Amino acid sequence: MVEKPGLASRRAMLVEKLGGPPGRYAVASVTLTLIWFAMRLFLDRGDPVSLIFARAGLYGAVWALMLPLFDWLNRKALPADRRPLPLTAEQNRRGALLGLAVGGPFYAGMLVFSLVTGRAWVYPVSFGIILAVVVVIAGARLRSRPPGTRPQPSRDPGRAGLPPY
């Protein structure tokens, strides 16, 4: 008989599939933006849809910051023998690519949307900062190597000193 994984283990598998930062943050912020947009549209008080969408994006980004905070608190609360293992190189790469694939277009679109619709300066500045942070973290994660590994020397003299691809 094959046992089906419980809800907690299925949730953990989903989080593992998202990889490390910034992938988890990007997916959480887009999901929260959609939830905030639907909720604010339902509770509409005559605000323009562009304002509702911009606020939902900003609220989704801010509330998604709670995900790393809860993850950090969870790690600190667990005893040392039950703490999760550090992320592997594959999980770092998956999270970086997912962060670029989801967060990059989403926040670039929100930035352009805020500029085109003439929202207050807080919206484009916030979306620009978030976009820059996602790209910087993803770039750092893509360039990082597991501890103890060194780049292999290149046989191509034009690529001397550059990492192998």
For Gly46, the lone unmet condition from (1) part of a loop (DSSP other than H, G, I, E, B); (2) open to solvent by 90 Å² or more (accessible area, probe 1.4 Å) is (2)
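Restricting to region 1-36, give me the number of residues that are part of a helix (DSSP H, G or I) and at pLDDT 75 or above.
So the first thing to find is which residues in region 1-36 are part of a helix (DSSP H, G or I), and the list is 7-17, 23-36.
Keeping just the survivors that are at pLDDT 75 or above gives 17, 23-36.
Of the residues in that region, 15 qualify.
Only helices (runs of 4 or more DSSP H) wholly contained in region 84-165 count here; list those with 1 or more residues that are among the aromatic types (Phe, Trp, Tyr) and at pLDDT 75 or above.
Working: elements: 89-98, 104-117, 122-143.
Once the helices (runs of 4 or more DSSP H) in region 84-165 are filtered for at least 1 residues that are among the aromatic types (Phe, Trp, Tyr) and at pLDDT 75 or above, what remains is 104-117, 122-143.
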Result of the Cβ filter at 7 Å on region 77-89, keeping first residues that are touching a residue at least 12 places away in the same chain (Cβ under 8 Å) and partners that are open to solvent by less than 80 Å² (accessible area, probe 1.4 Å) and not charged (D, E, K, R), at least 6 apart or interchain, is Leu87/Gly20; Ala89/Pro146
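The values are calculated or read from the model by the stated rules, or taken from the named source; none is laboratory data. Small disclaimer: the values here were computed from a predicted structure and weren't measured. All Cβ positions, glycine included, derive from the backbone under ideal geometry; neighbour counts span all protein chains shown. Protein only, heavy atoms only, side chains kept; ligands, DNA and RNA dropped before computing areas. Shrake-Rupley method; radii C 1.70, N 1.55, O 1.52, S 1.80 Å.
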